[in-house]
Every structure is written in structure tokens, then in C-alpha cells.
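Q: Supplied in C-alpha cells, the structure appears directly below.
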Amino acid sequence: MEMVEKYLYAVGKKLPLKQKEDILKELRSIIMDNLDDITNGSEPTESQVTKVLLDMGSPAEVAKRYKTGPSWLIGPDYYDTYILIVKIVLAAVLGGIVISLIVAMLASSAAFPERLGVFAVQMLETIPGLFTAIGMVTVIFTIIERVSNKKPSELDFGDDEKWSPAKLEPVPKLEERVKPIESILGIVFSVIALVIFTAYRDKIGIYYTPEFSGNWELVKVFSDTAFDTYIPLWSIIWALSIALCVWLLVTKKYTFGTRVFDLFIKAFNVGILFFMASGPVLFAKKWMTGDLEGFEVIVNFFNNNHQTIFSILAILTLIGLIVDVVKLVYRKIKQG
Amino acid sequence: MGIDQGKAESLIQELRRGTLVISVLSQLDEAQYGYSLVQRLAERGLDIEQNTLYPLLRRLEKQELLDSDWEVTGTRPRRYYKLSENGKEMLDYLKQEWNRISEVVGKLLED
């Protein structure tokens, strides 16, 4: 009988938690009925138990049949687009990193084998960034899958949704169509920004080789306070933009909803710029030494005029936002 | 040239799959527990795998075509399934449809 317990335990591990107890209780009574039938009530032998369990099927198979909901993250409807976007994102991240590393390597005066070594290490360090990127795309698609998925049928026999030509969606007007390249570029830039400013924020700065050492050195020019304050806000923008672009790439059509969402992102953007105008300055003060003193003028200019520069940026972006809102309202009124 | 047994098997399964629900519903005018239903179907010539039948019973219950109750009979509790009012109506409806299908297919096969 121990074997029956082991069997039920194995099935239970794979059952949905909510119904687990009840299903196991029923399975136990069914297995006992099966055993009764071949033993006529006497204590079953091990080979009899084995036979009954073999008839029931493997625990995985039995558990699988009790499942009702979908057991996938991304179903066939979105799989192709998902793979496409994963490729785009990978290419974007890898491409961006490789280009920046090559530039840094060419600028370096270290010996070639050494440069190659640095390059190899940098490549290895990109791996977590790649996983972050793929993870984000997967999360977005999982949400799309869950939101758009029709309720799976309770019985697995044909109740396909009624389809009629009258229900076909209208061909989008020219201005409603999404140009895939725009969405793709949107994803690429947002992903690059997100990866660089989160996973690689410690590597942002000026790379140079002081004349006395010939080694590759990084000088961080941005102040940590600025990064700590602004990057979380920008990350939200980038993540929302990626979500929007992926959604557009999947649905291939601008709707009132997506346009409003787009405006929401832009409004958020304006808000961040105004916030930055009154927030901490961008550049660190204590990094200029030796060869880099030439930058002092530029940095001081930006830091001294921080508030003015970001106020202007914010106002320009705000004007753009207002124009977009007016356009959207106009379009809505025209459509009636 | 013999027929491809593997292909034949999968086509036959496909045929049988569609008849499963109506067969099961037809035997649940009186309450049955899982194993007794398997036996009953087998006696009448329908061999159904146990691990297909039991999940199906639960799904039909969730669809409110069956009612179920735990009852202690003999030495152990068993879950009894029985047609609900909905289930009875559905069975009547399915029967008509079945008769129509078998008539149509019968005619097709005579050609």
C-alpha cells in the first residue's frame, strides 16, 4: 500500500493546488476500487498494486488531464512575434554593446592582446544584461497572452468561436497603421537605454588612457545622486515605451487607447523633465584631474545652467505634448 | 496492401473521442461512482481509459451537467456523479443530434 501513497504523492505534486485534496481523495478511492476488484477484498500483493497503477497511467499523465487552464506562457498566437522581438532585442543589446566596446578599444592605446582581453571580459559581463532584456520581453508577452486570451474551453472538444465575415475588423486607415520599423526602433532604443542605464550604469563615463600609464581608465562623469534620482523614473518611461511598441507590433494598429497611452508616456516625460529642472545637477564635480581638465568648462556650463536647460527642454516637450493632444482630440471629433 | 495500423488507431480514437461525453452522460441517470461507471461502460462495450474518464467527470460537473456527492458505501467514501437538470436537457438534445448524425453518415456510407 505504500506504493499507492507514493503514487498519489507524485500525482499531487503536479496538480493545481486548489483542487488537489479533492482529486487525490477521489483517486485514492478509485484505486482502492480497482484493487478490490482484482483481490476480492483480500490484501493486495505488490504485483497487483503495480498492475492497477500501471493501468491508471503515469502520475504526470494523470495530473495533466486534470488541468483546465492554459499551461503555457506564450501560446501559438503570439509565439512568432515573440521570437521576432526577442531577436530584435538581442541584436539591439549585443549590437550596442559591441559597437561601444569596439569604439572604446580603438580609442585605447594598450597593447592589442590586452585590449582583446578587456573586450572578452566586457562581453562576458553583458550576459546578465541579455537575460534582463529577454526577461522583460517575456513578461510583456505573458501579459499580452493573458489579457487577450479568450477563456479556454472547459471541455476539450470543438467549441470554436463563431466566426463570420461580417465580424472581420475593418482594414485600418493609413494613419492608423503601425509601421513595424517604428515600433522596432522604439523597442531597440528603449532596451538599449534601459540596459545601459540600469545594468551598466557603473560603466558610463569617459574612457581614456592617461599618458603615464597607458591603461584603460573609466572616469564617471555623472553624479551618483543624479543617477539615483532620475534613472528609476526614466526606467519607467522606457519600460512603458517597450510595452507600447510591443503591443503595437502585435496588434499592428493605432487605436484611441494606444494613442492615449502614448500621450500618457509623453506627459510623464514632461513631468520628469520639470522635476529634473528643480532636481540635483547631472555632473559630478570631483572627477576632473590631469588630462581631463579641458572638460571643466563644459561641465560647469551644464551644471550652472542646469535649471534653465531642463526648463527649456521640459517646455519644448510640453508644447509637443499639447500639439499631440490637440491632434488626437481633433481626430476624435472628426470621426464623431 | 494492408492499412497502416498506427494511422487507423489514431483515426479511430478521433471518432470515439466525439462520442465520449454523450456515452458518459447516457449512463448517469442513476448515480455512479468512477469505478462503477468504468465497469458499466465496459460491460456495454465501451472501453474507456480511467485517466480519461475521471477528469472528464469533473469537467462535466464544472459545466453543471453533473452533480456530485461524497457518500460512504461499504468501507470507503466514494464520489457519486449523477445527471443534473441541465445535464438531462443536454442529453436529450445530444441524443437528437446523435440520431441525426448517424442517419446522415449512414446514408453517406451507403452511397
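Each value in this text was obtained by applying a stated rule to the coordinates, not by laboratory testing. Remember, it's a predicted structure, so these values are computed and weren't measured experimentally. Cβ sites come from the backbone with ideal geometry, for glycine too, and all protein chains shown count toward neighbours.
Q: By the gyration tensor of its Cα atoms, with a ≥ b ≥ c the square roots of the eigenvalues, what is the shape of the range B:4-105: rounded for a/c under 1.5, prolate for a/b over b/c, or oblate?
A: In terms of gyration-tensor shape, oblate.
Q: In a GNM of chain B with a 10 Å cut-off on Cα contacts, which of B:16, B:44, B:79 has the highest mean-square fluctuation?
A: Taking springs between Cα atoms under 10 Å, the residue moving most is B:44.
Q: Counting other beta carbons within 10 Å of each residue's own, what order do A:1, B:90 fall into, fewest first?
A: Fewest-to-most ranking of A:1, B:90: A:1, B:90.
Q: Can you list residues whose amide H is under 5 Å from residue A:284's amide H, if they're 5+ apart or on another chain and H is modeled 1.01 Å from N?
A: A:222, A:223
Q: Right, something else. Which GluC sites (Glu not before Pro) in the range A:19-100 sit in a loop by DSSP (not H, G, I, E or B) and have at most 12 other Cβ atoms within 10 Å of their own Cβ?
A: Passing both the DSSP loop test and the Cβ count: no residue.
Q: Enumerate the whole-percent occupancy of each 20 Å bin, from 0 to the last occupied one, for all C-alpha pair distances of the protein assembly as shown.
A: All Cα pairs considered, the percentages come to 17, 33, 27, 19, 4.
Q: List every residue whose amide H lies under 5 Å from the amide H of residue B:70, counting only residues 5 or more places away in sequence or on a different chain, with H placed 1.01 Å from N in the peptide plane.
A: Here the answer is B:80, since their amide H atoms fall under 5 Å of that of residue B:70.
Q: Give A:20/B:95; A:67/A:252; A:51/B:95; A:173/A:332 a once-over and call out the pairs whose C-alpha atoms are over 25 Å from each other.
A: Too far apart for the 25 Å limit: A:20/B:95; A:67/A:252; A:51/B:95.
Q: Express the relative contact order of chain B as a whole percentage, based on alpha carbon pairs under 8 Å and six or more residues apart in sequence.
A: Reported as a whole number, the value is 25 percent.
Q: Ranking A:43, A:176 by Cβ neighbours within 10 Å, fewest first, what do you get?
A: Taking fewest neighbouring Cβ atoms as first place, the list is A:43, A:176.
Q: While we're looking at this one, here's another question. List the aspartates and glutamates whose alpha-carbon lies under 13 Å from that of residue B:82, not counting same-chain residues fewer than 8 positions away?
A: The reachable aspartates and glutamates, counting only those whose Cα sits under 13 Å from residue B:82, are B:29, B:30, B:61, B:64, B:67, B:69, B:71.
Q: For each of B:102, A:183, A:58, count neighbouring Cβ atoms within 10 Å of the residue's Cβ, then give the residues from fewest to most.
A: Final ranking by Cβ density, sparse to dense: B:102, A:58, A:183.
Q: Moving to a separate point now. Once both axes come from the Cα atoms, what is the angle between helix B:50-62 and the longest principal axis of chain B, in degrees from 0 to 90, rounded to 10?
A: Its long axis makes an angle of about 70 degrees.
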